[in-house]
Amino acid sequence: MATDPYDKVADTLHDTLDDTVGGLTRRSRTLIVWEVVIVLGISFGRSALYSILSIIDKLTQPTALSQQTTSLNTSVTPDRPWLDLAYQLYYFVLPIAETLLVLYLLTLAYGHARRLIGFDLRRPLSDLAKGVGICAAVGIPGIGFYLLAREMGINTTVAPANLTSVWWTIPVLLGSAAMSGISEEVVMLGYLLARLRALGLNPAWAIVISSVIRGSYHLYQGFGGFLGNLVMGVVFALLYLRWKRVMPLVIAHTLIDAFAFVGYSLLAPHIPWL
């Protein structure tokens, strides 16, 4: 069987990444460390710090954590749908910018970012099948864990969709799910694991760092959100390192969020315990 030229290019890129390990000058290592700090500082590291402050705020409220509600995808100007739509589209700008930034930095470092991390459409059927499987394997137990965490009093009630009901509500929720899936997986898996690998960090520690950060920027939901996303981060990182493709994880994350956002929007009025 002939080798796919795409596989040859991807393998060459990973070989190039491996060749840099141990061959960096002290200045180069310092620059990579600062690069990672800056990227996290303007993306999910910043979100993690905000979430830590948010959970401190919630824990110091007179109301128990389990009695509080965390609202996502909230309308800004519900009385003016056209302006509210503009606000919701504006919220897509930062995730797009974060994704483009790390792809640019990886391209500067290795020559071809999307092939390096497998963020492309070269294997649509395989990526889709894997993404759907991961969504079911992670998403269904995730719902049960969320309900358990809320009953244990360690999580808030999460309301994933709180937009006014207009013609653009579902498209915006689907767009929000896609932006979360793309930005989180490209930054936290594709970018971060590549740069930690270039620094020579043990893969196990790289997975721990990526997963703890992922869990931390979900702390605003409660400790259940932290633990659930920590486990999800470990699973996603292991699969990414095995497949060397971020696209199945992007699809899985997008589907999980899409079911949460759109499903909640459609079902919440009819199911009180949600």
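The values are calculated or read from the model by the stated rules, or taken from the named source; none is laboratory data. Because the structure is a prediction, the values reported are computed rather than measured. Note that each Cβ is placed from the backbone with ideal geometry, even for glycine, and that neighbours are counted across all protein chains shown. Just so you know, the surface numbers come from the protein's heavy atoms only, side chains and all, with ligands and any DNA or RNA stripped out. Shrake-Rupley method; radii C 1.70, N 1.55, O 1.52, S 1.80 Å.
Remarks
- Only protein heavy atoms count here; under a 1.4 Å probe, Tyr91 has an accessible surface of about 110 Å².
- Solvent-accessible surface of the stretch 127-266, averaged per residue with a 1.4 angstrom probe and all protein chains in place: 39 square angstrom.
- Highest-first arrangement of 254-262, 79-87, 93-101, where packing means the average Cβ count within 10 Å: 254-262, 93-101, 79-87
- Secondary-structure-derived ellipticity at 222 nm for the chain, considering helices only, amounts to -23000 deg cm²/dmol, per-run term -39500 (n - 2.57) for DSSP H runs with n ≥ 4.
- Rg in Å to one decimal, and Dmax rounded to a whole Å, for the stretch 131-180 via C-alpha atoms: 13.9, 38
- Net lengthening on full extension, Leu125/Leu24 (0.36 nm per residue, minus Cα-Cα): 32.5 nm
- Nitroxide proxy distance, nm - points 7 Å out along Cα→Cβ at Ala86 and Leu53: 2.7
- The Stokes-Einstein estimate for the stretch 72-211, based on a Kirkwood radius over Cα pairs and taken at 10 °C with 1.306 mPa s viscosity, is a diffusion coefficient of 89 µm²/s.
- Theoretical FRET efficiency, 1/(1+(r/R0)^6), r = Cβ-Cβ of Ala137 and Gln61, R0 41 Å, to 0.05: 0.70
- The per residue volume of the convex hull around the alpha-carbon atoms of the chain is 143 Å³.
- Counting only Cβ charges, +1 for Lys and Arg and -1 for Asp and Glu, the dipole size of the chain around its Cα centre is about 420 debye.
- Accessible area in the full protein assembly, largest first, 1.4 Å probe, for Ser126, Ser180, Ser165: Ser165, Ser126, Ser180
- For peptides 200-207, 246-253, sequence by mean Cβ density within 10 Å, most packed first: 246-253, 200-207
- Working from Cα pairs under 8 Å separated by at least six residues, relative contact order for the chain is 31 percent.
- Expressed as a whole percent, the accessible surface of the chain that belongs to carbon and sulfur atoms is 68, based on a 1.4 Å probe.
- Using heavy atoms of the protein chains and a probe of 1.4 Å, the accessible area assigned to Val231 is about 90 Å².
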